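Everything on this sheet refers to the single structure shown next.
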């Protein structure tokens, strides 16, 4: 195998690896739209459920179309407001509820994985002297503190203190 083709294969692999989060989000979004389309058909064909909720307790997921009730998605066909109370007619969407829970679980697990990646990049950054000279691997590196909770090197990543947007 030629040296140039090996570099090409490695760069394609790394590009695909870097694009995996985007591909995952894209597939999750397509699946969510498929679920919503199926629910629109079910809203027209099945007998609807009626739910009454005080106005200040309504958690809108999608304005006038979906709400969250006790952690379950509810697709709305019609809405009526009477003296501070909403009356919704629609169906509970178990498929989208499961998708929402899976996305939240994946979000929480990826946060811990992101911390490990930050530590790995900090470790790799500390292994090289500077960009002007030829890179030299550090031989006196302390590997015990590689994944400690407090990094010895200042993080090049900004901390985000606001929560992620809710789906």
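The values are calculated or read from the model by the stated rules, or taken from the named source; none is laboratory data. Given the structure is predicted, the values throughout are model-derived calculations rather than measurements. A quick note on method: Cβ atoms are made from the backbone with ideal geometry, for glycine too, and the neighbour counts reach across all protein chains shown.
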**Message:** Only one of 66, 41, 57 is over 21 Å from the mean Cα position of the chain (by Cα) and under 22 Å from residue 165 (Cα atoms). Can you tell me which?
**Reply:** 57
**region 41-53 - residue that is exposed (fewer than 13 other Cβ atoms within 10 Å of the Cβ) and not in a strand (DSSP E or B) and, of those, modelled with the highest pLDDT** = 41
